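Worksheet: one structure, shown below.
The values are calculated or read from the model by the stated rules, or taken from the named source; none is laboratory data. Remember, it's a predicted structure, so these values are computed and weren't measured experimentally. With ideal geometry, Cβ positions are generated from the backbone for all residues, glycine too; neighbour counts draw on all protein chains shown. Ligands, DNA and RNA are excluded from the accessible area calculation, which covers all protein heavy atoms including side chains. Shrake-Rupley method; radii C 1.70, N 1.55, O 1.52, S 1.80 Å.
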Amino acid sequence: MTRTLHQGKPEPYAAPLPRHLAAMMRPELASLAKEIIEEIRRQIPEYGSPIRGPYVQALQIGVERALSQFVDQIENPSTPRERHEDTYRRLGRFEAQEGRTLDNLQAAFRI
């Protein structure tokens, strides 16, 4: 799909969601994060084993922040998107420390 530029910015793929949806979505984020992590662990064998410690915490934080950022963007489309880069860098470092490539982490992001 080709994206065109409009006043120097890419055109959005869809119209913004109504801002009031953010208030409806926010109370569901904790349970959604839990479901997402369970699905990641189910679909990606390397994450399916009982892992503990900082990596699990980083994964939990990464999922929660991604969901929170999504809802923040609905509530206020001008919210900066770069706030959580450090979390994702940490996840990448954990993968490297475990001797893994970023393939599994990228698959987890897609889930």
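Structure notes:
- Filtered residues of the stretch 71-91 (kept if surrounded by fewer than 14 Cβ atoms within 10 Å (Cβ to Cβ) and in a helix (DSSP H, G or I)): E85, D86, R89
- Condition check for I36: modelled with pLDDT of 80 or more and open to solvent by less than 60 Å² (accessible area, probe 1.4 Å): yes
- For the stretch 92-108, the tally of residues that are acidic (D, E) and surrounded by 15 or more Cβ atoms within 10 Å (Cβ to Cβ) stands at 1.
- Test: residue in the stretch 76-99 that is at pLDDT 90 or above and touching a helix residue (DSSP H, G or I) at 6+ places or on another chain (Cβ under 7 Å): no
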